[in-house]
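**Q** Pasting in a structure now, in C-alpha cells, and then I'll have a few things to ask.
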Amino acid sequence: MTVFLFLAIICLGFAVYGLVTYLEKREEKKKNPAEDPGESWGAVLPEYLGRTIEITVKTPMFSIDIIHSQKGILTDLDEEWMELECMEKKKKVQKILRIDQISAVKEIR
C-alpha cells in the first residue's frame, strides 16, 4: 500500500512539473515579439527612444553587469546595438548591448 502511495506522489510530481513547463513556454511565446518572424525588437525599440525602460536579457551579461534586467533611459540605437543610460551608485553609466540579446522590454513611468 505504501509503495503505491509513493508511486502516486512521484507521478503527480511529474505531472505538475510538465504542466508548469508547458504553461511557461506558452506564456513566453505570447509575450516575446522577437520569436515572431514578422516582428523583432529592432522594430519595436524606436518608440521607446528617450524614455525610461526596463530591459530583460536572454542570458546574463557579467561584463556589463546585467544579470537579469536593467532599468535606464534608452538614449541611442541602430539596427544592431542600443545604448542605455543607467544610474549606478549615484553615477550615470552608459551601457551598450546588442538588440538580439533582449528578451523583453517594459516602459517605466
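**Q** Identify, from the list Leu84, Leu5, Leu45, the residue that is surrounded by 10 or more Cβ atoms within 10 Å (Cβ to Cβ), out of contact with any helix residue (DSSP H, G or I) (no Cβ under 8 Å at 6 or more places or on another chain) and aliphatic (A, V, I, L, M).
**A** Result of the check over Leu84, Leu5, Leu45: Leu84.
**Q** Kindly indicate whether Val105 is open to solvent by less than 80 Å² (accessible area, probe 1.4 Å), touching a residue at least 24 places away in the same chain (Cβ under 8 Å) and in a helix (DSSP H, G or I).
**A** Considered against the rule, which asks whether it is open to solvent by less than 80 Å² (accessible area, probe 1.4 Å), touching a residue at least 24 places away in the same chain (Cβ under 8 Å) and in a helix (DSSP H, G or I), Val105 comes out as no.
**Q** Go through region 48-81 and report how many residues are open to solvent by 90 Å² or more (accessible area, probe 1.4 Å) and in contact with a helix residue (DSSP H, G or I) (Cβ under 8 Å, 6 or more places away or on another chain).
**A** Matching residues across region 48-81 total 3.
The values are calculated or read from the model by the stated rules, or taken from the named source; none is laboratory data. Treat the numbers as computed from the prediction; the structure is a model and nothing was measured. All Cβ positions, even for glycine, are placed from backbone atoms using ideal geometry, and neighbour counts span all protein chains on display. Remember, those area values only see protein heavy atoms, side chains included, never the ligands or the DNA or RNA. Shrake-Rupley method; radii C 1.70, N 1.55, O 1.52, S 1.80 Å.
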